[in-house]
Every structure is written in structure tokens, then in C-alpha cells.
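Have a look at the structure below before the remarks.
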Amino acid sequence: MKSILIIGMGKFGTHLCKNLSKLNNEILAIDIKEDVMENVLPYVTSAKIGDCTNEQVLASLGVGNFDLCFVCIGANFQNSLEITSLLKEMGAKYVISKANRDIHAKFLLRNGADEVIYPDRDIAEKVAMKYSAKDVFDYIELADDYSIYEILPPSQWVGKSITEINVRAEYNVHILGTKNKDGIKLLPGSDYVFSKDEHLMIVGQTKDIEKIVSKS
């Protein structure tokens, strides 16, 4: 469980509150508009109304006591930049700021953000990958060059074991797990035989996984 400050209760900030709450985190939510706070009240430890570009308001929150501080302001970049900078000046441990454009991300990182997230861009990339690539059911980018894919097993793998295919040496990927109607099996052994009625979760360099997908 972590102590988390979330500034900005737009769509992203609201969804973030709900999901962090499900993971039993302690959340303080704050926004300048009173009407948007009603949606998050069931999910947060406390909620406040205030303008976080005001140093006194921000200082009153005790930002140095939170494990994470999220700046989820998308409509006004100037405000996002000011709040990000003020958080670090006041001793925030780790600041994560929302960006809509690459140029915004650069300024946020230069002005105190420890990390920048692009919710709209990330979702768009995931949706594009899922619906344009054949037999891809999910996709998670781990870093610039590495990803986790959920795919159907290539037809040439069906009925053969991990050892027979020599997955790691021949394809340069790892099988994290398999998924079928009975559930998920993590880290299958080398004697595991692939079935056409399952999904595979594989991790590796994106370029190597895309080669497998293109041949499926």
C-alpha cells in the first residue's frame, strides 16, 4: 500500500483514483472544481478543493509525505508545468506528470517530473497493435525495444513442445505463460506442448516477436 496524491480529476485522474483504490492505496485527490470530486469520493481516503498553482494550497497538502504524486492536468499545460515544478521544490519524492505532446514531456522532465506518462498515446498504440496485427490479443510495451504479447501459437508450433521448437534459441523470446478456458499457467516447463486452443504470453524484443506474429 502506498500513499498517493492525485492532482486533477479529469477522466484520467478519476480512472486512476478508482484503479489505485482497488489496489488498497491511500489516496488524496484534489481539483479546483468541486463538482468533479463527487465521482471519486467513494474511492479516496480524502478529497480537497483547491488550486494547486497556489503555493500555499500545495504546501498545505504535505507533499513530501506521499510516496507518489500524480499531476493529471491535460487541458492547461502551463498549470501542469507550474505544479510539477512546485511539487519538487516542496520535497515531493516522486512526481509523475501527464503529457499530451512530446514537447510537453520534455519541459515537464526539465522542470521536476521524475516520469511522464502519455495515456492517450499509449492507449492508441495498444489499440492499433491489437487490431492491425493478426492474432494479437494484447500488447504491453516494457521499454523502447521490449514487449509482452498475447498471441495465438503459430501453426507450426502446435503439437510440439517448447524444447522441440527451441523457442529461446530459434526465436529469441521467452514463454511467460499460456492461457486457455481453464485459466492461466505461468512459466510452462520445457516439455510443455502447445495447443491451438490457447493463447501464449511471450516476452522479448519487439522486432523478434513481430517476426513470429507475421508468420502465424
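Can you list the strands (runs of 3 or more DSSP E) found entirely within region 1-98 that contain at least 2 residues being β-branched (V, I, T) and either free of Cβ contacts under 8 Å to residues at least 60 places away in the same chain or surrounded by fewer than 21 Cβ atoms within 10 Å (Cβ to Cβ) (or both)?
The strands (runs of 3 or more DSSP E) meeting that bar are 26-31, 95-98.
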Margin query: Out of the helices (runs of 4 or more DSSP H) lying entirely within region 119-182, which hold 3 or more residues that are modelled with pLDDT of 90 or more and assigned by TED's automatic domain parsing to the domain that holds S195?
Written below: 162-165, 167-171
Margin query: For region 104-154, which positions are of a type in the set (S, T, N, Q) and touching a helix residue (DSSP H, G or I) at 6+ places or on another chain (Cβ under 8 Å)?
Written below: N111, S147
Notebook entry, point to check: Do we have any residue at all in region 99-113 that's in the same structural domain as E170 (by TED's automatic domain parsing), part of a loop (DSSP other than H, G, I, E, B) and either modelled with pLDDT under 90 or surrounded by 13 or more Cβ atoms within 10 Å (Cβ to Cβ) (or both)?
Noted result: no
Check: Can you name the condition, by its number, that W157 falls short on among (1) under 30 Å from I4 (Cβ atoms); (2) over 17 Å from the mean Cα position of the chain (by Cα)?
Finding: (1)
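Yes or no: Y146 surrounded by fewer than 14 Cβ atoms within 10 Å (Cβ to Cβ) and aromatic (F, W, Y)?
no
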Check: Does any residue in region 110-122 that is on the phi < 0 side of the Ramachandran plot come within less than 9 Å, Cβ to Cβ, of a residue that is part of a loop (DSSP other than H, G, I, E, B) and of a type in the set (A, V, I, L, M) six or more places away or on a different chain, and which pairs are these?
Finding: A113/A99; D114/A92; V116/A99; I117/A99; Y118/A99; R121/A99
Check: Hey, A59 hits all of (1) closer than 20 Å to G112 by Cβ; (2) touching a helix residue (DSSP H, G or I) at 6+ places or on another chain (Cβ under 7 Å) but one; which does it fall short on?
Finding: (2)
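The values are calculated or read from the model by the stated rules, or taken from the named source; none is laboratory data. Model, not experiment: these values are computed from the prediction. Cβ: placed from backbone, ideal geometry, glycine included. Neighbour counts: every protein chain shown.
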